[in-house]
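Worksheet for the structure shown next.
The values are calculated or read from the model by the stated rules, or taken from the named source; none is laboratory data. Since we're looking at a predicted model, the values are computed, not measured. Backbone-built Cβ (ideal geometry, glycine too); neighbour counts: all protein chains shown. When the accessible area is computed, the model is the full protein with side chains, heavy atoms only, and any ligands, DNA or RNA have been set aside. Shrake-Rupley method; radii C 1.70, N 1.55, O 1.52, S 1.80 Å.
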Amino acid sequence: MTTAAAADLGVQIGALRLRNPIIAASGTFGYGLEFAHLLDLNRLGGLVVKGLSRDPMDGAAPPRLIETPSGMLNAVGLQNVGVRTFVAEKLPALRKYATTVIANVFGACLEDYIEVLKILEDAEGLAGYELNVSCPNVKKGGMQFGANPSEVAEVVGAARKAAAKRPLWVKLSPLVADIGVIARAAAEAGADALTVANTYPAMAIDFRSGKSRLGSLTGGLSGPAIKPITLRLVWEARKSVEIPIIGLGGIEKVEDVLEYLSVGAKAVQVGTASFANPSATEKLVGDLERVWRTAKARTINEITKHFAIENS
């Protein structure tokens, strides 16, 4: 009979071994430190800090968040302290925790990504990087880096050369004609894993005033409403590449986690749920442990492998 002491929820994401598949998503968990008094960060499989840019950014005008049916719209505008302040002030405090810390990186042009990564390469305490390729490339008419395979290959290839010390994850946009093509472009350019997927561009209007209910005209839709769509994207990406997939979109319950693992994800990121319940990630770890005991399995793979076979 299996016991709690024998539980192995560990997952392998390329070169990184996570203690479990529950990761706090970038943009929903601050720099991790803001949540340290609300849950035990050491219980998580990992956390991805909010996106880091070359220079500090003030972000978008308020209101930045509004509730939608089964979800949330956000237009935060990638507010952050900048990579240098992160390294000097945030990262030293994160080093005392035993969880895997990933730095999310974005830029308005290729050179921005490279400069941020070079600064992070010299810093201690990070396990890897996550590239946000949903940003507009200002040098190419504002087209998203992640919108076509050649752009993805260019930014991922350049990032791989600049950041050779640590694993490189790439966070894909859901707004592409064929996510399998984009996934292959990222993998062939040097990505070690893929996060599927970012939020979905959307909007909310106050018909009385005719104005956006956000401070910006549009925002990113997240939450349970997007889970069925993103599940399919994970499944499509899994069929196209051999590198690990990390599922992200609408995860609130342990059943959501298992569904993503069943269609081929190796781990999941939890985002919007942390707004409603700041300890949602830690709760999911506990729920997953209870499922493990009920299933009498020895590893997390044993819980989902029969589902994966059916959905391959």
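Does segment 255-309 hold any residues that are open to solvent by 10 Å² or more (accessible area, probe 1.4 Å), at pLDDT below 80 and assigned to a loop (DSSP other than H, G, I, E, B), and which are they? Hits for segment 255-309 are LYS296, ARG298.
Of the residues examined, THR85 is one that is out of contact with any strand residue (DSSP E or B) (no Cβ under 9 Å at 6 or more places or on another chain) and of a type in the set (Val, Ile, Thr). Against the numbered list (1) at pLDDT 95 or above; (2) among the hydroxyl-bearing types (Ser, Thr, Tyr); (3) in a loop (DSSP other than H, G, I, E, B), SER312 comes up short only at (1). ASP206 falls short on exactly one of the conditions (1) touching a Lys or Arg at 6+ places or on another chain (Cβ under 6 Å); (2) closer than 28 Å to GLU259 by Cβ, and that condition is (2). Test LEU110 against the criterion of being touching a residue at least 24 places away in the same chain (Cβ under 8 Å), of a type outside the set (Val, Ile, Thr) and open to solvent by less than 30 Å² (accessible area, probe 1.4 Å), and give yes or no. No: the conditions fail for LEU110. For LYS211, work out the one condition from (1) farther than 19 Å from ASN104 by Cβ; (2) in contact with a helix residue (DSSP H, G or I) (Cβ under 9 Å, 6 or more places away or on another chain) it doesn't fulfil. The single condition LYS211 does not satisfy is (2). Of all residue pairs spaced 6 or more apart or on separate chains, those with beta-carbon atoms under 6 Å, a first member in segment 164-180 that is farther than 21 Å from ARG17 by Cβ and a second member that is of a type in the set (Gly, Ala, Ser) and outside any loop (DSSP other than H, G, I, E, B) are LEU172/GLY146; SER173/GLY146; ILE179/ALA237; GLY180/SER240.
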